[in-house]
Amino acid sequence: MDGNRPASMIIERTVIPAAPLARNPATVRDPAYQLIKRSLAWAAACAALGALVMLPDIVTRRPVNILALLVGGGTFGAAIILFLRSWWAAEALGKGVESIRTAVLNVVADREAALPKELPGETPPEIEAMLGSLALYQDQVTRERHGPDRRLVAVLGSLASGVVVLTDQGQVSLLNGTARALLGAQRARVGTSLFAALSRDTVLAALTRARKADGPVEALFERLDGVSLQGRVSALPDDEGAVIIFPPMELDRHRPGVEFDLELHDVPPARMALARDLRLDDLPAVTVDTETTGLDVRTDSVVSVGAVCSHGTRLFRNRMLDDLVNPGRPIPPDSTKIHGITDQMVRGARGFPEVWADLQRLARNRVIIGHNISFDLTILRTECRRHEQPWEDLVFIDTLRLASRLNPALDRHDLNTLAELYQIDIHGRHTALGDALVTAELFFRMLPRLQQQGFATLGDLLTFHGQGCADIIAGQKERDWITEQPESLV
């Protein structure tokens, strides 16, 4: 809870970023730099003409005649208008260049980042051309990257058999149209748990048999509605998951297309102890957010925890935490209005100690990232003390502090404002995992900007992060929130 991407890929309807629509050739505009040069030249000419007309009378100290006054006033007025015109054009050009810079840095941080189809306000032709060229380049790279995928999709989409690929943790990483129809489109989706569609016990039993057999095995699965399904299970190498193939079936209509995200099988590199000389490109991190019964870190409780692991600017969606927590107390209606979590939703949820154990496993030897993360860390510490759980200080990076340093001109530094500035798609706000995913994207898009300024290591980032944020840090200290890094990395 702050104090104030890509999920699946569906090739049959993948949207390739398109270049901005070209204008009608009959209405092609001159480049802004030419407009600025012409406007300044004409402004200078008008000012010179006005001075030439009025100067003789001024030099001889004669009263300026009406004609000279009218001509001089008109030319000076025209010069001012032309100067303002060049000022506005230069301002639009500057904003356009900054927008293009933002788009390029976003693509550097996230190759799947969508380019804006258009920029706000009157966009100079040079900026439109730059945006169009960037979109064409991204289009070409995307097509080359997805070329083999399209052929794979054509093969899998033509099968009458249902095909499901899952990770070692039970996340669906691929399924074709037949499998979606068989398991239920609302329950079986890429990035979600297969246990939302099939009985956990039957799936785990089949996976265990397949690993022991070192080959395909026949298995009987049970859907959550009680329907039994026959299938064949093959374990993937290195315990990376499994493939389930269901027998061919007749559907009321053909359902082509394959939904997949095979990167869900990737795992983060091995973690080493954190050190100040650790390069930001190799930064192991976990982005964390909590939803709570309120904002008092001394008395309120956690009702939801969301976390997702990353390495550098790469997100690992198979290393996530998205859990409700039973606070053991009623959730105030005002808090429910914000995050939507009710007493009924947490009634059967796990207690804090169990969820904390899972979060500890993710956080070990990783930097904690969050927006106004001092709040989340402090209330987590309160919960640990309340439930007599071990607590040790964690290395953290607050994107609120970073935003105040990188974007000092902004009036607000809340997640919505920053997401709009950094061109991040907002989804799932005011859920713990939703806010964690948005914050992770925000941090990824801040990293290239930080590196451009010479910050290359964790030590550099911690120094930058702890300076120049006096107002924010003072406010956090006033609330008795965690504001200091562990002594080992100070």
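A short reminder: the numbers here are calculations on the coordinates, not readings from a lab. Quantities reported herein were computed from a predicted structural model and do not represent experimental measurements. Every residue, glycine among them, receives a Cβ derived from its backbone with ideal geometry; neighbour counts consider all protein chains shown.
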Antiparallel bridges, percent of DSSP beta bridges restricted to region 280-489 (to nearest 5): 70 percent
By the scheme Lys and Arg +1, Asp and Glu -1, what is the net charge of all other residues having a beta-carbon under 11 Å from that of residue 187? +2
Rg/Rh of region 280-489 (Cα atoms, Kirkwood Rh), to two decimals, equals 0.94
Cut-off under 5 Å, modelled amide H: who pairs with residue 303 long-range: 291, 292, 293
Do you know the relative contact order of region 244-339, to the nearest whole percent, from alpha carbon pairs under 8 angstrom that are 6+ apart? 24 percent
Once phi for every residue in region 483-488 is put through the Karplus expression 6.51 cos²θ - 1.76 cosθ + 1.60 (θ = phi - 60°), the whole-Hz ³J(HN,Hα) values, with Gly and Pro written as x, are 10, 9, 7, x, 4, 5
Quick one: which residues, 5+ away or cross-chain, put their amide H under 5 Å from the amide H of residue 236? H built at 1.01 Å from N. 241, 242, 243
Sites matching GluC sites (Glu not before Pro) across region 371-439 that sit in DSSP coil, with at most 12 neighbouring C-beta atoms within 10 Å: 388, 392
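When DSSP beta bridges are limited to those with both residues in the chain, what percentage is antiparallel, rounded to the nearest 5? Numbers along the way, then the final one.
On the way: 43 of 50 bridges.
For the chain, the DSSP antiparallel bridge percentage is about 85.
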Sort 104, 308 so the one with the fewest other Cβ atoms within 10 Å of its own Cβ comes first. 104, 308
Taking each pair of distinct Cα atoms in region 31-150 once, what is the resulting Kirkwood hydrodynamic radius in Å? 17.8 Å
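Sort 228, 39, 234, 374 so that the residue with the fewest other Cβ atoms within 10 Å of its own Cβ comes first and the one with the most comes last.
Numbers: 228 10, 39 21, 234 15, 374 25.
Going from sparsest to densest Cβ surroundings: 228, 234, 39, 374.
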Which one, [x] 31.7, 130; [y] 29.5, 110; [z] 26.3, 93, gives Rg and Dmax of the Cα atoms in Å as derived from the coordinates shown? [y]
Considering only DSSP states other than H, G, I, E and B, which trypsin sites (Lys or Arg not before Pro) in region 276-327 qualify as loop sites with at most 10 other Cβ atoms within 10 Å? 298
Pop the C-beta distance of residue 452 and residue 354 into the FRET formula with R0 = 51 Å and round what comes out to the nearest 0.05. 0.75
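How would you rank 422, 137, going from fewest to most other Cβ atoms within 10 Å of each one's own Cβ? Provide the component values of the computation, followed by the final result.
Details: 422 23, 137 14.
The most exposed by this proxy come first: 137, 422.
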Counting sequence-distant residues (5 or more places) and residues on other chains, those with an amide H built under 5 Å from that of residue 283 are 312
1/(1 + (r/R0)^6) with r = Cβ-Cβ of residue 343 and residue 168, R0 = 35 Å, i.e. FRET efficiency to nearest 0.05, evaluates to 0.50
